[in-house]
Structure formats: structure tokens, C-alpha cells
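The values are calculated or read from the model by the stated rules, or taken from the named source; none is laboratory data. Small disclaimer: the values here were computed from a predicted structure and weren't measured. Glycine gets a Cβ as well: all are built from the backbone with ideal geometry, and neighbour counts include every protein chain shown. These accessible areas exclude ligands, DNA and RNA; they are computed on the full protein's heavy atoms, side chains included. Shrake-Rupley method; radii C 1.70, N 1.55, O 1.52, S 1.80 Å.
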Amino acid sequence: MKKWNTTIRYAGFSLTGVSLLMFLSAFIAFKNGMDDSFDPLVFSAMVTLLGGCFAIIATKPQEDMGHEEGFCIVTGCWVAACAFGALPFLMFGGEFTFINAFFESVSGFTTTGASILNNIEALPMGLQFWRIATAWMGGIGIVALVSLVIPTQQDRHCVLASAELSDLAKSYYGGRKKRFVYRMIAVYLIITSSSAIALRLTKMPWFDAVTLAMSACSTCGFCTKNLSVGFYNSWVVEAILIVAMLLGATNFSLLFSTVWPDKRTHKNLFNTQVVRWFLSLVAIAVLVVTANLYFSGYYSTFPKALRMAAFQVCSLSTTTGFATADTNLWPPCSIGILILCSLVCGCSGSTAGGMKMDRFVIVIKSLKGMINTLIGISNVNQTKLDGQLKTEENVSSIVAFMGTYMLIVAIGTLLFAISMDFKTSVTASIACMGSVGPGFGEVGSMGNYAELETFQKLTAMMIMLFGRVEIYPMLIAIKCLFKR
């Protein structure tokens, strides 16, 4: 009972934050001539604020908190935010049926970027901003924001940080957990504001610049245009977004320590193996896709092929999901590489989803060591990453995580395949689990998820939540829910 009391209390804190963004969206609707989204946003904000305050007042603060409570809080905060975040969509109506409203909210808060909308530009400005705001709040992590308003007791912050962040993310910072959260939020705000200013300098309207920057830095991919970033048809805009997406998919602690060196770790972007692997593999993928597009005759000029390949590869490898081309029409080799990009994705401690480059590198190094041991080159199979020795237990837990990840993808594929073709089913499951958004087939870069059956949309939402909280918090919360 204690864990649910604590979970409800912290979910209340998360709802107060959600209500503030709703009020901000309502203000934008007011400034836009009190458009049709004003009333739904104001009413939803009041309901959400009252719900959050009631949850806080009706529950008592706990003096101690275990890791089981931490995992339940993480899941509870995400579920509560997604549920109340659907209210503005539901009240607005239109394409937002009951299930569609929840789908769009879950997709936003989990930074997946999958959408059920056929005409995004038909939404009023206030609701368009709310749609992007869900992704921006989800990008930094609702629990990270919650930790700023709870009482300053160190043990609580440690537990929440341990539950919200994977051990891979925390390994790059050795200081206090609350300081770590402050650093992440500072980096997030700097990337967002810098990207918005850079986009504004291209003569883009302020609203478009801010919302694109929010979406890029949260690696969500929601856009206010039906054609996504392809609407702007500008290589300068695409270059700015590529930088923003890559920064958003890089460990925030490393970004911080690169500008403000940390004497505890001495780690930064330039001396970390994971970042080198990430950027190197992205560069290789860009070159291979460029060559494939050019020599297959899909694009007549090399610069055009490079421009299209660079943006799409960076978009999917960072799990953002922006698009400037219909990748459904690309050659099979390019499609295969983009699917692989959707699986591994960015670094831990970032806003990106997927299995994470850190885990991929550790498994590759472990495999290399195992092969060397088998052929007699070495008697000891040691796996090191950035100078840190990974024990067999560490490697085993990573392999178990990746196995569970692929199992969920497989289950999702089977459920999607009930009424969709195999390519759509596989890539939709990968895209939802990795918080990528677009897949291939019916859910391609120029398509959406509107045609999914109701049970498939429910499946997609569950997979999105599993992917966003990195599996274990959801599993532990489900276990606690059914625990007698």
C-alpha cells in the first residue's frame, strides 16, 4: 500500500507540471485570436492541476523510499501524464476519437512521434503547440522534472534517478544525483533555445522555429506540417536540425562536461568511445545510403543523394523521425540500413530511444573477447568501455535487456501482423519500441498510424511505454500491480 501512496503522490507532482504546459498552450491559443483549442486547453489544464493537487494533498510524504517504489513512481508518472495529456485532444474532437487522443498523447510523451493525424495543419495553433509540448516534456523525462519540486532529501533523489536512468547513463557522472538532473535540464534548454534561434535566422516564423527545435531536441519528430521538414525544402534548415538531433541523441552529461569540465570523471565528447562509435556508424550509414541512392539512379546527382541520405539516417538513428523524403520508395539496401539505425539508435543519458549505442558497443567488445578466448589469443575475456571494466554480470544484464527488447518487438510484430503486411508489422513494432515513429509500408515516413485497428493502437501504446522507460520499470510496476 505504501508504494501506491507514494506513486500517486509523485504522479500528482508530474500532473502539476503537465498543467503548466497546458496553460502555456492555452496562452498561445489566446494570442492567436482565442482559436478553437483555447477552451479545451484551459479546461484540461484546470482538471489536470486539480487532479495533481488532490493527489499531493490526499497522500502523505514517505520518509524512506526503496527501489521498488522508485520503479513504480517512474511508471506511474508516465502513465498519469499520458492519460491527462490526452484531454485537450479528446475535448477538441475531429480526428481525435477516444483511442486516437490517447495514442497521440502517449506518442508525444514517449517521444515516439507516431501520429494518427491525416491533416496536421488543420489543428489550431494552441493544440499544435500542446502536441509538441508533450514531446518536449517527455524528452527530458517527467521524473527528472518531478525531482526538482520534491523536498530536498538526498535518498529520494538517488532512488528516483536510479529508477529513471539506466546504469549506463549514470556511469558518465559521479556526482550527486540532483546535480546530475540540473545539468541534464540545463543542456536540454540550451540545445532547444540555440536551435530555435538558428532556425529563426533562416527566416522561419518564430512558432515554426520554436516547435521544430523542441521536437528535434526531444528526438520526437512531431512537426506542424503535413510534409514534415520536407515542407521547408531548405538544406540549411536540415543541417541545423541534424546538429540538434545528434546533440539530443548524445549523453547530456558528456555534453555538459565538454563545456564545463568535471574533475571527477574527465570525460567529454572527444575522449569517449561510445560517442566515437555513434558518430562513426552514423557517418558510415550516411555514406552507404548515399552511394546506394546515387548508383541505383534514384537521385541523379551525388549532392542530392547525400543531402537526403544524411537527413533520413540522422533522423532515424537519433529516433527523431523527421522526414524530407518518402523512404518507402528507396532501394532495399537503403531501407535495410535505416531499419538497423532504428534498432541501435543514440547514446544512453540522452533523449533518444532504441537499444542504445552503449549496449551495442559493450556486446561487440564482449563478443570479440570471447572469440579471442576461444582461439587461444587470450585466457581472460575482459570487456572495457572508456576505461571501465564490465563484469560478466554487467554484460549478462545487457544481453538480457537486448533479448527482452527484441522479444517485445517480436510480440508486437505478431499482433500488428493480424491485419497488416509483414514489412509494416516489423517496422511498426521496431519504431514504437525504439521511440522512432515512422517505419515502412503503411506507417512509412509520409504515412501515419491512423489505419491501425483499435487493439493494434493499444498494443502500440504499450510498446511505446515499454521502450520509453527501458522495460524494467514497467515490468516491476506490473508485477507490483498483481502482487498480493
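Just one residue in the set 341, 347 is in contact (Cβ under 8 Å) with a residue 60 or more places away in the chain and either open to solvent by less than 40 Å² (accessible area, probe 1.4 Å) or of a type in the set (Asp, Glu) (or both); that residue is 347. The conditions are (1) assigned to a helix (DSSP H, G or I); (2) in contact (Cβ under 8 Å) with a residue 24 or more places away in the chain; (3) surrounded by fewer than 21 Cβ atoms within 10 Å (Cβ to Cβ), and residue 428 fails exactly one of them. Which is it? So residue 428 meets the others, but not (3). Of the residues screened, residue 283 is not one that is at pLDDT 95 or above, crowded, with 20+ Cβ neighbours inside 10 Å and of a type in the set (A, V, I, L, M, F, W, C). Among the residues of the stretch 462-475, those identified as of a type in the set (A, V, I, L, M) and in contact with a Ser or Thr (Cβ under 8 Å, 6 or more places away or on another chain) are 463, 464, 465, 469, 471, 474.
Per this entry, residue 313 is not counted among residues that are closer than 25 Å to residue 443 by Cα, modelled with pLDDT of 95 or more, surrounded by fewer than 18 Cβ atoms within 10 Å (Cβ to Cβ) and not polar (S, T, N, Q). Among the residues of the stretch 434-449, the ones that are assigned to a helix (DSSP H, G or I) and in contact (Cβ under 8 Å) with a residue 40 or more places away in the chain come to 2 in all. Looking at 201, 189, 269, which is the one that is free of Cβ contacts under 8 Å to residues at least 24 places away in the same chain and farther than 22 Å from residue 352 by Cβ? Just one listed residue meets the conditions, 201. Within the stretch 454-484, the set of residues being without any contact (Cβ under 8 Å) to a residue 60 or more places away in the chain and either hydroxyl-bearing (Ser, Thr, Tyr) or in contact with an Asp or Glu (Cβ under 6 Å, 6 or more places away or on another chain) (or both) comprises just one member, 459.
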